[in-house]
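Everything below concerns the one structure shown next.
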Amino acid sequence: MTKPTPISIWQPQTRNGKPIFVRPPVPAYGDHHASRMEIPADKTKGIRRVCFFGESVAAGYLFAPHLTCARVLEDQLNYMADEPYEVIDFSRTNETLGSMAETVAASLQLQPDIIVLYGGNNWNLLETPRISPYFPDPEARKSFGAIWAEGGVTSVMEAAIHQQVLGAEAALQVIADTVGELPVYVLLPEVNLADWAALQPPILADTAQRTRWYTLFEAAATNLAAQNARACLDQALKLLAVDEGTCPTTYRLIGDAWLLLGESEKALRAYRAEVDSESYASLCFLGSPRAGTLTRKVLTRMCRENKWPLIDLPAIFAEHTGEAVTGRRLFLDYCHHTLEGIHLAMATVTAMILDDSPWFTIASAPMPEIPPEIEAVTWLGAAVHTAHRLPDVPRRKELLDHALINALQTSFGITETMVDLVEARATGLPAVLTEAQERNFQGPYRLLMQHGWKYNHLDIVLIERIAALLKDAAPALAERIPNILLHHRGLGSEPEELAHPFYLWEPLMQFYPEIMQSARETTCIRCPWPRTSFALICPTTRDVNLKLVARQSAGFPTDVRVNGHSVATPELCESWTRHRIRVPRCVLNHGINKLTIVWSPKSMLNTEPPEERLQKGDEAHLHPIFGEIFSLTARLD
Amino acid sequence: MVCIVGLSAFYHDASCCLMVDGNLVAAAQEERFTRVKNDPRTPVNAFRYCLEEAGLDITDIDCLAYYESPGLKTERQRHAAGVADDDSSFDPQRPVRAIREKLGWRGPVRTYEHHRSHAASAYFFSGFQDAALLTVDGVGEWATTSYGYGGGSEIDLFAEVRFPHSLGLLYAAVTAFLGFKVNSGEYKVMGLAPYGDPKYTARIRRLVENKDAGDYHLNMEYFDYVRGDRMYSDALIELLGCPPREPESEILPVHTHIAASMQQVLEEILLQKANWLAEKTGAGNLCMAGGVALNCVANGRIRRETPFRELFIQPAAGDAGACLGAAALAHIDITGKRHSETALDAVYLGPAWSGDRIEHLLVPTGIPAHDFRNREADLIAFVAERLVKQQTVGWFHGRMEFGPRALGARSILANPLDPNIRDRLNKVVKKRESFRPFAPSVLLDHAGEHFQLEQASPFMLETCRVRSALKLPGITHINGSARPQTVTAPQNPRYAALIAAFQARTGCPLLVNTSFNVRGEPIVCSPADALLCMANSELDLLVLEDFVIERHMLPAHLEALLEVWLPADGGLSGGKSAVSEHLYTFV
Ligand SMILES: [Fe+2]
């Protein structure tokens, strides 16, 4: 027999003369892997062994380690089948194609009877990072620039798609070659199309076109808000002509308009196009990991070629919910499942393995159960995720409230955790140093890494909704929130710098600092959207003095607003200029205030063309910059 | 108002300083803010800090002064890489372009040659009216060693040694051979040297031929600068007759002998160059800067064995400190005058946190710290008692130091009379190699009783002999030397008072002083850094200005949870992986 080799993080060992695989201890905050500590190398006679592979969705993200897809699958198989099954979980968050193929190959040491693959959402984010204007290696940026110069953004998207297809096919072929005749069940991933939206600036080089795009966008969004679906659709289709399908924002408007008009099939197509166009843009701006059409095509083709059974989740989900466009019923956020979503997906796998009807299995197998405290934490985690990853689209408030209310209704004690989270964020300290975090760690509602403890941002979007919902649900606790904020972050007589990522109202405006660290290395706030907002934490007893140092192209109006009230219209120009602004106390709220700079859609700064910069190997912002803020300090009068 | 920002960046140790009307208002290294050791990136955080410290913003700045000449540097880089003179992988515009973009600066950027910036960082901060100038480092543009003379507001660099001949690169190659990191591990070689015998001196001399006057030549057969993973050729391995030491592996006697030989040859050459410079300039004062000027053993010999009566070494002698020189040169260009006639007497140029701000930070941690506000004498007594009881103390007080040394603002302090202190500090606090000695902070008035030291040494830049009646194993190197910092009340009153209180209890007017960090991490900057460092080490006590935290006061699970918060190795800028394992992730 050959010497055993590691499988992913599981190292070969022997215990009582028997070979086993053991993983390193789970850190206090959890990690990316399943919680199972050891795996016996040898199968128990009569028990069929399933090895389960996938990404965060498969790992039961936000539920794990308390509940995972693998455990649900094992329970369902054992409930439905005549013979016993065991499911060994190799899914992990941040899984890539290459490492999945390696893990599958190594797992053959366990002599599995069945392989299950559930991936695809990560491909758009993790498989083509070199096709990014922010990739650290200048050589990668140069080749990006060369493609861009040749054929513009559509060429870059095509190159990314090409690379992704090649990579995916190669990795799946490696899996096919290693597993031989073993049955491989493949899930075709579905994503939250109804509720999760992209809001991305278009990548347009021409200033006139950009201005036209933003003007049309404002009009379409206004019409949508007023339920004027026809007008919105007309304008959105004009937007499409301007951006040539490279901007997901446009497709979202089209989809929303069609949905209002009762055309759900057309809406579905538009939403799918939104995800597809985002699959490249997410590399350089505000995307989420979501599987697109391409992913499903590659998986379908590989299944056909290798005669692997295919589990068509989009079809199952649509039929189960009776809705063409699936949403929050099955998804916690952009792609991670609710309990019902996990049940549905795994029941379909169970049915396929046992050659049963999926509907019979879905109806027969018991719904997975978890303690209410854990489910409440999951919903709070979903809210955190939504606040961090969903841009400022009309449905954000709705979705945040949905998650927070579910948390409250599942287990009311989660309210204390919400306040602890607010406190940990407000201190500005690493959460690990706060008493609030320590308290949470010892209680029944322990937040883990996946719930966003390690986050260097005030998180005002989340805090605002928590404060609003607790007003009804727990008024005494709700009263504490403005005081906590004022205690830690409240203005005093010393100026406080608000032009810092910490105070940015929209966390996504920092790009994806976790992924592309180098994008964070600027000293000023660059504003890639016509509005830039900051959290201003102050009492209502005194006026607030602001000092703004900013620039934009000269000759266009800029409006400074607090809670929607215009407080100044400073005249900015290409050079840095300093402006003093007084905010009268009558427009202030006790605690949270929203300070917004509204740039003119025509005020875009002239910067060196991105393709030229990229060809030199420099980073480039592909999106227009409306203005830059060097400093925005605030203090009480 | 004349407001000048000096900058060093893009090689290692990026930093920024601010000079307002000739006053050095603030200076800091970028690594302290980003927590990435030797961070070379545009110092965006240090830049912001400097302006905030002065209450200024970007509209107040007159000019940026950059510490080297990108055009000349590119020329040398292309030459060294063996590519064409117009090869686009080296772009002379990139540094200034990056400065403009990352800092948002749109006004004038003045650039000064690397060694000129080093020389200015020493001379214009020395208080001397005339001095000989010696700058020695790895390499800047072309120069690797420069000789000059400073008089009034003029600097004349009249001779230089050019790349590839470089004492800094020679020392770096041996550093790499001995398994330490180039650009930061050189001082480990210096620390290792006294453990060995200079048996390899003859062989090291084959690497470098010292010549008359200011010149010397490296024998390039033994070097290979272009190889990314090391700086020497196979010929060096053959010459030294032993395999290169693997990083982190055991240190063998042969390694100590090589270190001793390298150090001896360096000292010989530097002494001859300094003597030649004294003769050539006739100056009584010498100013030094450049990374090699951080070799405090060589510095001590230069003071003792050359005709120079006064010596001023820029405390931030490495590239970080060159931003000071660039700012000083720009000040002269703009105003026609030297920015200062007096010597830099302290380097507390970084951020500070008041007692009240620290209280504000401590409340949400739930740590029941002892509050000594308005009771400084009690604080001093409390900490002194703990030091007497051989506890290790993290000492956070006042503005952070600029430069590589902790000088009583961000220091770990310990009892030098404790016979086990070196091992204990090395193992449980610093987590580093055990051979390296610690430095003492000694009250200036008592320095002569314990050290053979004729002058003040406020910046810990020279070694001298220990001649104390006390047994001081913690700070005495194997060869009987030490690297003291002399402390006076005017420079750092609270620190001086602490040492005096320790002396009152023990008769010993000195403390062990080492930088406040664990291995591989930059020195702490903020109170949060200090708390995390305490949790990540086994420090007994943390003094945050007026607040004292004992180990048992830390949150119960902090240590277990900490691993998630500490930065993953290598960061993301290495280009290997786009996503880190230790971050909050979502896919
Ligand atoms: Fe240098």
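The values are calculated or read from the model by the stated rules, or taken from the named source; none is laboratory data. For clarity, every value in this text was computed on a predicted model and none was experimentally measured. Every residue, glycine among them, receives a Cβ derived from its backbone with ideal geometry; neighbour counts consider all protein chains shown. The accessibility values were calculated without ligands, DNA or RNA, using every heavy atom of the protein model including side chains. Shrake-Rupley method; radii C 1.70, N 1.55, O 1.52, S 1.80 Å.
Numbers below:
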read-out	value
Heavy-atom surface of segment B:176-310, accessible at 1.4 Å and reported per residue (Å²)	44 Å²
Contour excess over end-to-end distance, with Cα ends at A:H565 and A:M367 and 0.36 nm allotted per residue	66.3 nm
Cβ-Cβ FRET estimate between A:V22 and A:Q209, R0 fixed at 51 Å, reported to 0.05	0.30
HN-Hα J in Hz across segment A:135-147 - Karplus 6.51, -1.76, 1.60, θ = phi - 60°, x for Gly and Pro	4, x, 7, x, 5, 5, 5, 5, 5, 4, x, 5, 5
For segment A:305-310, Karplus couplings with θ = phi - 60° (6.51, -1.76, 1.60), whole Hz, Gly/Pro x	5, 9, 6, 8, x, 10
0 to 90° range, to nearest 10: angle between helix A:264-281 axis and chain A longest Cα axis	80 degrees
Set of lysines with alpha-carbon distance to B:K389 below 24 Å, sequence-local pairs under 8 removed	B:K427, B:K430, B:K431, B:K471
Test item: A:94-106 mean partner chain Cβ contacts at 10 Å	1
Relative contact order %, chain B, counting alpha carbon pairs below 8 Å whose residues are six or more apart	15 percent
Dipole of segment A:207-277 [Lys/Arg +1, Asp/Glu -1 at C-beta], most positive-end residue of A:Y271, A:C232, A:L253	A:C232
Within-14-Å neighbourhood charge of B:P253 [Cβ basis; K, R +1; D, E -1]	0
Cα gyration tensor category, rounded, prolate or oblate, for chain B with a/c compared to 1.5	rounded
For chain A, share of DSSP beta bridges that run antiparallel, in % to the nearest 5	75 percent
Amide H partners (placed H, <5 Å) of A:G54, local residues excluded	A:S91, A:R92, A:Y118
B/A buried area, accessible surface, summed, 1.4 Å probe, Å²	5600 Å²
Neighbour-limited loop hits for GluC sites (Glu not before Pro), segment A:94-194 (at most 15 other Cβ within 10 Å; DSSP other than H, G, I, E, B)	A:E181
Exercise: per-residue mean of other protein chain Cβ atoms within 10 Å, B:101-109	5
Net charge of Cβ neighbours under 11 Å - reference B:R106; Lys, Arg +1; Asp, Glu -1	-1
Unit charges on C-beta of K, R, D, E only; dipole of the protein assembly as shown, Debye	1400 debye
Of all DSSP beta bridges in segment B:355-555, antiparallel share, percent nearest 5	75 percent
Charge tally in the Cβ shell below 11 Å around B:H477, where Lys, Arg are +1 and Asp, Glu are -1, B:H477 excluded	+4
Of the GluC sites (Glu not before Pro) in segment B:340-388, those whose Cβ has at most 12 other Cβ within 10 Å and which sit in DSSP loop	none
Segment B:98-248: relative contact order as a whole-number percent, Cα under 8 Å and 6+ apart	16 percent
Computed magnitude of the charge dipole of segment A:301-375 (debye, nearest 20; Cβ of K, R +1, Cβ of D, E -1)	340 debye
Folded to 0 to 90 degrees: helix A:207-225 orientation relative to chain A principal axis, Cα	80 degrees
Percent carbon-and-sulfur accessible area, the protein assembly as shown, ignoring ligands, DNA and RNA, probe 1.4 Å	50 percent
Residue-averaged 222 nm ellipticity for the protein assembly as shown, from DSSP H runs of 4+ at -39500 (n - 2.57), nearest 500	-12000 deg cm²/dmol
Relative contact order for chain A, counting Cα pairs under 8 Å that sit 6 or more residues apart, in percent	13 percent
Three-way shape call for segment A:1-78 based on the alpha-carbon gyration tensor, with the a/c threshold at 1.5	oblate
With DNA, RNA and ligands ignored, accessible area of B:R110 (1.4 Å probe; Å², nearest 10)	80 Å²
Placed amide H near B:I313: partners under 5 Å, 5+ positions off or other chain	B:M288
Segment B:161-313 shape via C-alpha gyration tensor axes, a/c threshold 1.5	prolate
